[in-house]
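Notes follow once the structure below has been shown.
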Amino acid sequence: MFPAECRFTKDHEWIRDDGGQHTVGITAFAAEQLGDVTYVELPEPGSRLSAGDTAASVESVKAASDVYAPAGGEVCEVNEALDGKPELVNQDPYGEGWFFKLSDVDADELEQLMDAAAYEQFVGEHSE
Amino acid sequence: MQYTPLHDEHVADGGKVVDFHGWALPIQFTGILDEHAHTRTKASVFDCSHMAEFTIRGRDAIQAYSGLVCSDVEKIVPGRGRYGMMLNDSGGIIDDLITIKLAEDELYVVTNAGPAARVAERICGGNPGAEDVSAHTAKIDIQGPLSREILVGEGIAEAGSLKYFQACRAAWRGTELIVSRTGYTGELGYELFVANEAAPALWRALRAHDAVRPAGLGARDTLRTEMGYLLSGQDFDESRTPLEAGAESFVAWDTPFTGRDALLEQRERGGYPLLSGIRTGDRRAPRPGFAICLGDESVGTVTSGTYGPSVGHGIGLAYLQQDVAAPGTGLNAGPKHIAVETARPPFYGQGTCRT
């Protein structure tokens, strides 16, 4: 149900190694909970984040919430397409709905995150 | 939790059900943006069976009721409805409501779910001509530019001739109903009041039209916020008066009503906060509870706020100090100090409700 190539946080971010750079977004579960996404605020390219830092924020019709950096690193690219088409987060959360990319990610920090099976169990325990 | 007679329909339609003032109601079906757009362009049905209804019969009963409402009930023409508010002795708003005059000696009153018990006590207490019919009444709103032709197609011919805020008794397949050309979306639409037992069949018949889809509380909220309509319990409660809520035009000063003295005194004193429209310049939304500031100075609080799907920017309602309430004032909202500007509702000007 959740992509095996990603690691996951308890705040429902995913992070994936895309050949050196790491792509970050929010999970399909988070997107579903938020409902229609209407606005995404992205970090400044070049900014340096530590694991757990507020990196972005996402607003839906119903609510607004922060998105945290799953691991430390430097923001090397942000998904500018979300500016005009925030609905991509709902339509394709692991693809076109990505938020930002990090370079210089510490592999040890990724090891501390959940894999797909653990995240699926986490979601099962924390929904309803 | 209380369930409406249409609960099974919502579950079958995949509605995401939430607790709204103790009622299990769908917040959305396909998605709020979808349902919002569908209502503005076609027609949606909303289950509003959680709302309360009262009948008031006879001259004395009507007169007693009139004293509870700040609008001029006596002047309502038979066949028409009028918006109003029920106040406490301090002028605080217990609820807003619509009073429909079905006949010279018969009123039909529609109020909200949250304060229903308190409202029922006021309306029915010591008034033998007043009856709370909520428990056996379902309410289905059909809203959207195509709603007239759909009701007429269902044999409810009266819908073809009712003007905005007119209402009458009608029948659908032998079932009696009350049809009121009112609503909470800004679009052409009707509120249908029908016995609980008949509600599922009526809902399914409307739902069967290609142009009709169910919509939930989420879309209802974005639609009403675009019109600047107030939500009971959120944009006002007993701590706010009609003057503060920007509803002075619904106060009939020359009639006696509970709370009048307190309102007169407040009007005289002036300087009260005023519920005002606010908008952002982008897709970010002000949210209920956000502080509104002029620079660093707090000048108010947001009560309603959302992204406005039909206007493409954030919109909301906020109680503001009067000196910053004039349209076009630049302010900031919430912990991130997003830029907002005061603006006079409705935010969406193309609604079809009067056509």
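Bear in mind that the values in this text are calculations on the coordinates, not laboratory data. Computed from a prediction, not measured in an experiment: that's the story for all the values here. With ideal geometry, Cβ positions are generated from the backbone for all residues, glycine too; neighbour counts draw on all protein chains shown.
Farthest toward the positive end of the dipole of chain B, out of B:G271, B:A170, B:A157, is the Cα of B:A157, where the dipole comes from beta carbon charges about the Cα centre.
Set against the 2.2 N^0.38 Å expectation for a compact globular protein, the stretch B:1-48 has a Cα radius of gyration ratio of 1.15. For the stretch B:38-87, applying the loop criterion from DSSP together with a ceiling of 16 other beta carbons within 10 Å to the trypsin sites (Lys or Arg not before Pro) yields B:K75. Each label was represented as a point 7 Å from its Cα along the Cα-to-Cβ direction; for A:L110 and B:V11 these points are 4.5 nm apart.
Which parts of the stretch A:72-89 would a label at A:Q21 reach, counting a residue when its backbone N lies under 20 Å from a point 7 Å out along Cα-to-Cβ? Those under the cut-off are A:72-86, A:88-89.
Between B:K336 and A:E80, the simple label model (points 7 Å from Cα in the Cβ direction) yields a spacing of 2.0 nm.
For chain B, the Kirkwood hydrodynamic radius comes to 20.8 Å, computed from all pairs of different C-alpha atoms. In this structure, B:A195 and B:W253 have a Cβ-Cβ separation that, at R0 = 41 Å, corresponds to a calculated FRET efficiency of about 0.60. Extending 7 Å from the Cα toward the beta-carbon at both B:Q322 and B:D237 defines two label points whose distance is 2.6 nm. Please list log₁₀ I(q)/I(0) at q = 0.18 Å⁻¹ for the stretch A:6-122, using the Debye equation with identical point scatterers on the alpha-carbon positions. Rounded to two decimals, the profile gives -0.84. How many lysine pairs in the protein assembly as shown, separated by 8 or more positions in sequence or lying on different chains, have Cα atoms less than 27 Å apart? Eligible lysine pairs with Cα atoms under 27 Å apart amount to 26.
Spatially, the stretch A:88-128 and the stretch B:7-71 are offset by 39 Å when compared through their Cα centroids. For the stretch B:273-355, the convex hull spanned by the alpha carbon atoms encloses 86 Å³ per residue. Averaging the Cα positions of each part gives two centres, and for the stretch B:110-132 and the stretch B:301-355 these lie 33 Å apart.
Between B:G22, B:G216, B:G144, the GNM of chain B built on Cα springs shorter than 10 angstrom shows B:G22 fluctuating the most. Amide H contacts of B:G308: B:H313, B:G314, B:I315, each under 5 Å away and 5 or more positions distant or on a separate chain (H built 1.01 Å from N in the peptide plane; Pro and chain starts excluded). The chymotrypsin sites (Phe, Trp or Tyr not before Pro) found in the stretch B:230-308 include none that occupy coil by DSSP while having at most 10 further C-beta atoms within 10 Å. Evaluate the charge dipole of chain B about its Cα centre and quote only its size in Debye, nearest 20, assuming +1 on the Cβ of each Lys and Arg and -1 on the Cβ of each Asp and Glu. The dipole of chain B has a size of about 860 debye. About its Cα centre, the stretch B:273-355 has a charge dipole of approximately 380 debye under the convention of +1 per Lys or Arg Cβ and -1 per Asp or Glu Cβ, with nothing else charged. With the cut-off at 29 Å, report for the protein assembly as shown the share of all Cα pairs above it, as a whole percent. Roughly 55 percent, rounded to a whole number. For chain A, the dipole from Cβ point charges (+1 on Lys and Arg, -1 on Asp and Glu) about the Cα centre works out to 160 debye, to the nearest 20.
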